[in-house]
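Accompanying notes for the structure given below.
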Amino acid sequence: MAKPTVLVVDDDREVTQYLSDVFKADGWKVLTEKDGDWALKTFKSRRIDAVILDILIPVLNGFQVAEAIRADPRGKGLPIIIMSGIYRGAENRKEAIDRYGLLEYLNKPVEGERIRRLLREALSKRETEQQRSRTGQRKKISAPSRPAIAKPRRERRPVERVAQALSREPVSLRGSLAEVSFGRLLHELYKLQSSGALY
């Protein structure tokens, strides 16, 4: 199998650098973007074999990017992994996997080797299926472990509305918790890579 191209989309430079190092060490080509708009432009203009998305990225959030990729004919069976440092619940994970046909929904901090292994297995399986279809071999019918592709629905889920709102609203780091939610404050501090004590 030729070494594939993976698109990594995250506004955290440390995450994109770490994942780039992991994939490049295995000979993969890595493209990185820090916002959803540029991620879609790159997807449309380049040959992409897999996508890794953070949820809370500027312009378009990770859910919107995944939905747009699935709507494109080239993105129908593309392996997509979504990462989140905030939405960690099992319900969020299952809902996202079902809705966007994700390969996986992972919590941050990311495990590069695990992500690489998941993508390598998915691409190897995809290549085998393509070879079988070209040679006319019949594929054994088995129950899929998860849906290959989920049809996008128009209705926005609460987690998507929150993610979209959080990525647009400016937040002041001064004031009281009566003015801004604690979760939003933590999100902003995480984006700024802040450290120290919170008063």
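The values are calculated or read from the model by the stated rules, or taken from the named source; none is laboratory data. Source: prediction; values computed, not measured. Note: ideal-geometry Cβ built from the backbone for every residue, glycine included; neighbour counts use all protein chains shown. All accessible areas refer to the heavy atoms of the entire protein, side chains included, with ligands and DNA or RNA removed. Shrake-Rupley method; radii C 1.70, N 1.55, O 1.52, S 1.80 Å.
Brief remarks follow.
- The residues of region 1-19 that are assigned to a helix (DSSP H, G or I) and among the charged types (D, E, K, R), listed by number, are R13, E14.
- Note on region 1-26: among residues that are among the β-branched types (V, I, T) and touching a Ser or Thr at 6+ places or on another chain (Cβ under 6 Å), the one that is modelled with the lowest pLDDT is T16.
- Residue, modelled with the lowest pLDDT, within region 46-75, restricted to residues that are open to solvent by 30 Å² or more (accessible area, probe 1.4 Å) and of a type in the set (K, R): R74
- With respect to the stated conditions, I52 fails to be part of a loop (DSSP other than H, G, I, E, B), of a type outside the set (G, A, S) and within 15 Å of the chain's Cα centre (by Cα).
- Check on V22, in contact with a strand residue (DSSP E or B) (Cβ under 6 Å, 6 or more places away or on another chain) and not in a loop (DSSP other than H, G, I, E, B): no
- Among the residues of region 34-48, some residue qualifies, meaning at least one is of a type in the set (G, A, S), assigned to a helix (DSSP H, G or I) and within 21 Å of E188 (Cβ to Cβ).
- Residue within region 76-94 that is among the polar types (S, T, N, Q), open to solvent by 10 Å² or more (accessible area, probe 1.4 Å) and either in contact (Cβ under 8 Å) with a residue 40 or more places away in the chain or touching an Asp or Glu at 6+ places or on another chain (Cβ under 9 Å) (or both) present: yes
- Restricting region 16-26 to residues that are under 16 Å from the mean Cα position of the chain (by Cα), open to solvent by less than 20 Å² (accessible area, probe 1.4 Å) and not hydroxyl-bearing (S, T, Y), the residue that is nearest to R47 (Cα to Cα): F23
- Filter result (of a type in the set (D, E, K, R) and assigned to a helix (DSSP H, G or I)) within region 55-101: E67, R70, R74, E91, R93, K94, E95, D98, R99
- Any hit, region 123-131, residues being open to solvent by 10 Å² or more (accessible area, probe 1.4 Å) and either under 11 Å from the mean Cα position of the chain (by Cα) or within 14 Å of D10 (Cα to Cα) (or both): no
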